[in-house]
Structures are given as C-alpha cells and as structure tokens.
Amino acid sequence: QVQLVESGGGLVQAGDSLRLSCAASGGTFSRLAMGWFRQAPGKEREFVGGISRTGGRTYFADSVKGRFTISRDNAKNSVDLQMNSLKPEDTAIYYCAADLSVGLPRTPDSYDYWGQGTQVTVSS
C-alpha cells in the first residue's frame with residue numbers, strides 16, 4: 001500500500017510562485033508514474049501534469065503548460081510541482097497521485113493511490 005502526503009500549499013498573490021511536494025512511502029517509488037490533479041469548488045477533479053517513472057518524461061494540461069513543471073527524486077521518494085505565474089483560476093485543492101501501470105495517464109481513474117490534498121489559493 002502506497003501512502004502519499006502533499007505539502008507546500010498556501011495563499012499567494014497572482015503572479016507568485018509556489019512549490020508543492022509529495023512524499024511517498026510504502027512502495028517502490030521508482031515503479032510509480034506520478035501525477036498531479038486539482039479540484040476547485042463545484043468542479044470535477046482535473047489533470048494538471050504527470051511524470052514518468054524515471055522522470056524522463058513530463059506532460060501537462062494546456063491550462064498550465066509553460067507555467068508549471070514537475071520533477072521527482074527517486075532516491076528521496078518525492079515528486080514536486082513547481083507552479084509559476086499563478087493565476088486566480090489556479091485556486092484549488094491539489095492532489096498527488098500514483099499509478100502502477102506503464103503509461104502516461106491523464107484521467108483520475110487511471111491512478112491507484114491518492115494523497116489527501118493541499119489547498120492552493122491565488123488572490124487577484
């Protein structure tokens with residue numbers, strides 16, 4: 001059983017940057033593709049970005065492409081989401097997720113494990 005714990009959320013102003021971290025335990029981290037999702041009030045959970053098992057590939061939703069980056073450290077069992085040029089519409093609860101299968105999934109149903117989420121609020 002894999003446990004995921006996010007950290008780093010908070011309240012920032014538009015244009016600021018924020019870095020979220022996700023610590024994993026209970027599994028072989030290097031065998032997990034990792035993803036970040038977010039959910040705003042009244043909206044469905046949406047894909048933000050993902051990273052392959054080795055970190056060699058990253059992919060993002062169009063809404064964050066060019067502003068967000070993802071990195072992972074398999075030695076430390078962690079994955080980070082760097083968010084730059086934040087906008088009020090980025091306000092949401094951000095979730096870290098882990099996928100056991102091979103691939104680069106974008107849908108919540110494709111992921112096997114989830115963290116509890118961390119709140120990001122961007123004021124205008």
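A few points about this structure:
- Label positions at Leu100 and Glu44, each projected 7 Å from the Cα along the C-beta direction, are separated by 2.5 nm.
- Cα→Cβ-extended label distance, 7 Å offset, between Ser17 and Gln119, nm: 2.5
- For segment 9-124, the solvent-accessible area works out to 50 Å² per residue, with a probe of 1.4 Å and every protein chain left in place.
- Modelled label reach - Ser85, point 7 Å along Cα→Cβ, segment 11-25 residues with backbone N closer than 15 Å: 14-18
- Just checking the listed ones, Gly49, Gly35, Gly103: in the Gaussian network model of the chain with Cα springs under 10 Å, the one fluctuating most is Gly103.
- Given charges at beta-carbon only (K, R positive; D, E negative), |dipole| of segment 31-124 in Debye: 220
- Only one residue of Ser52, Ser21, Thr91 has its Cα farthest out toward the positive end of the dipole of the chain, where Lys and Arg carry +1 and Asp and Glu -1 on Cβ, and that residue is Ser52.
- What the Cα convex hull of segment 1-91 gives, in volume per residue, is 98 Å³.
- Segment 82-99 residues near the modelled Ala61 label - backbone nitrogen below 12 Å, point 7 Å along Cα→Cβ: 89-95
- Counting only DSSP beta bridges with both residues in the chain, the antiparallel share comes to about 90 percent.
The values are calculated or read from the model by the stated rules, or taken from the named source; none is laboratory data. Small disclaimer: the values here were computed from a predicted structure and weren't measured. With ideal geometry, Cβ positions are generated from the backbone for all residues, glycine too; neighbour counts draw on all protein chains shown. To get the accessible areas, we keep the full protein, side chains included, count just its heavy atoms, and leave off ligands, DNA and RNA. Shrake-Rupley method; radii C 1.70, N 1.55, O 1.52, S 1.80 Å.
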